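S.K.: Quick one: the structure is below, and I'll ask about it shortly.
The values are calculated or read from the model by the stated rules, or taken from the named source; none is laboratory data. Here the structure is a predicted model, which is why all the values come from computation and not from measurement. Here the Cβ is made from the backbone with ideal geometry for all residues, glycine too, and neighbour counts use every protein chain on show.
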């Protein structure tokens, strides 16, 4: 169907140009990766020829041969890792081989019980129960227990109410009830506020006007629920503003992308005092988890018009079940140090180089390590068959550690601490022995030494979880939190300014906290935006997501 006007034609052209640009960028990245692989293959060929010459006697230096061999192994390892990252699975599962191969399994004769024996009946019942359970798991049930209900009566036509045999009007017997899940489409309306104005007819001096709710943006046109919907769609569901424009147009509303961006930034300024209270609440935690990821920022003063900043995530402990994001206009760790300058406690991070300055002796902060990052480095070495056995043993130890953590996740603190001391601690000591053996047996240039050095250099931080039940074994909670931002970045591509980056951090902080507490972020933001400009600063803390949820639960149902 051809476009109806020039505006639709321009939008289609812009969308087509954007898709072509994305395809071009992907082709450039693929070309660069292929070029790197080709360069590595050429280097391997050169090194192989040099190694053959050395083995044939032209170079008698054993040290040079060893150096060439180690360099060759390193390049092969890099190629295998590059191929797995490009074409292999993204999960980090490891299933070690158990038992001998099928050809080597000896045949064992087993006396099968008769069909009427108790063993046969019980085994058959178990198989049937397992089969039914698998069938139930494969069915996709729609859970509707918590949905509001509406009755829709389907009455009989007037001409069918009279019995054709007796010519008597029928009586109601019952209603046949069946359930159906339906969507009631919301609508955008132009809400007209009519404020009543009254005056005294006698003195003519007294005049009173009815109060209307304060707008979330002073002088703004958007209502609280509309603003909350735009923000939730953008930062919770990763729906960019230009896509929301199309959806609004289907509802006969024209809300340009530029207007939506202005509303998002203005709404962040309105809610910023509450955001500062949220940060203060999270930084009151005993332990804080943190991780960061980059963000592209549009900068017209630069030649390339783009620069990189970053978004840092912070996760509070169980006593402070809130999260927040922090924006930095560059990739340095200055903003991280500024955010945590007054924090005294435990910080769990992935041991990036910039975090080292946070754990100086006089900082009052203690590092807690992430076992997932340590484990991942051994998993990456599985691409080489030479390391499969030794890495498999280490990954098996990690598997047992995580199994214990999974079983004790919802247990009391004392039981969790006891399980870590009795079950996890011997496994950790065994892990250290294996790693030290590797350190003594491998040359410094071996690719596996990166994993070994990471584990031993951060050993004190990695074993902190053994002595405190409030600590997690890894930083995966914060890793999952930062993934929500990565999904938004993938769809939005970049931020238009530093103000836009800070607005994204503010809004995603409340959405992430609502998700952690099981709150509907749209309901929360709509309510907060309707109250934020009328609440005193001393009462502002009651609008934090955890206290808002408690006050909502304490209210009697209508």
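S.K.: Scan the stretch 404-418 and give yes if some residue there is surrounded by 13 or more Cβ atoms within 10 Å (Cβ to Cβ), in contact with a helix residue (DSSP H, G or I) (Cβ under 9 Å, 6 or more places away or on another chain) and under 30 Å from residue 257 (Cα atoms), otherwise no.
M.R.: no
S.K.: Out of 419, 461, I need the residue that is in a helix (DSSP H, G or I) and touching a strand residue (DSSP E or B) at 6+ places or on another chain (Cβ under 9 Å). Which one? Working first, answer last.
M.R.: Numbers: 419 fails: touching a strand residue (DSSP E or B) at 6+ places or on another chain (Cβ under 9 Å).
Just a single option satisfies the conditions, and that option is 461.
S.K.: Right, next: Suppose we filter the stretch 184-206 for residues that are surrounded by fewer than 10 Cβ atoms within 10 Å (Cβ to Cβ) and over 27 Å from residue 256 (Cβ atoms); how many remain?
M.R.: The total comes to 10.
S.K.: Right, next: Among the candidates 526, 512, which residue alone is modelled with pLDDT of 90 or more, surrounded by 22 or more Cβ atoms within 10 Å (Cβ to Cβ), part of a helix (DSSP H, G or I) and in contact with a helix residue (DSSP H, G or I) (Cβ under 8 Å, 6 or more places away or on another chain)?
M.R.: 512
S.K.: Next question. I'm checking my understanding of the structure. Among residues of the stretch 467-478 that are in a helix (DSSP H, G or I) and in contact with a strand residue (DSSP E or B) (Cβ under 6 Å, 6 or more places away or on another chain), which one is surrounded by the most Cβ atoms within 10 Å (Cβ to Cβ)?
M.R.: Across the stretch 467-478, the extreme among qualifying residues is 478.
S.K.: Check the stretch 253-260 and report whether any residue there is over 20 Å from residue 191 (Cα atoms), under 25 Å from the mean Cα position of the chain (by Cα) and assigned to a helix (DSSP H, G or I).
M.R.: no
S.K.: Here are 309, 316: which of them is modelled with pLDDT of 90 or more, crowded, with 18+ Cβ neighbours inside 10 Å and over 17 Å from the mean Cα position of the chain (by Cα)?
M.R.: Only one candidate qualifies: 309.
S.K.: Here's something else I'd like to know. Go through (1) in contact with a helix residue (DSSP H, G or I) (Cβ under 7 Å, 6 or more places away or on another chain); (2) without any contact (Cβ under 8 Å) to a residue 60 or more places away in the chain one by one and return the number of the condition residue 334 breaks.
M.R.: (1)
S.K.: Could I ask something else about it? For the structure I just gave you, tell me whether residue 515 is more than 21 Å from residue 264 (Cα to Cα) and out of contact with any strand residue (DSSP E or B) (no Cβ under 6 Å at 6 or more places or on another chain).
M.R.: Working: more than 21 Å from residue 264 (Cα to Cα): no; out of contact with any strand residue (DSSP E or B) (no Cβ under 6 Å at 6 or more places or on another chain): yes.
No; evaluated as a whole, the condition is false for this residue.
S.K.: Sticking with this structure for a sec: Go through (1) surrounded by fewer than 22 Cβ atoms within 10 Å (Cβ to Cβ); (2) at pLDDT below 90; (3) farther than 30 Å from residue 414 by Cβ one by one and return the number of the condition residue 451 breaks.
M.R.: (1)
S.K.: Also, quick follow-up: For the stretch 237-294, how many residues are touching a strand residue (DSSP E or B) at 6+ places or on another chain (Cβ under 8 Å), farther than 19 Å from residue 502 by Cα and either surrounded by fewer than 19 Cβ atoms within 10 Å (Cβ to Cβ) or free of Cβ contacts under 8 Å to residues at least 12 places away in the same chain (or both)?
M.R.: 1
S.K.: Would a scan of the stretch 225-234 turn up a residue that is under 20 Å from residue 357 (Cβ atoms) and in contact (Cβ under 8 Å) with a residue 40 or more places away in the chain?
M.R.: no
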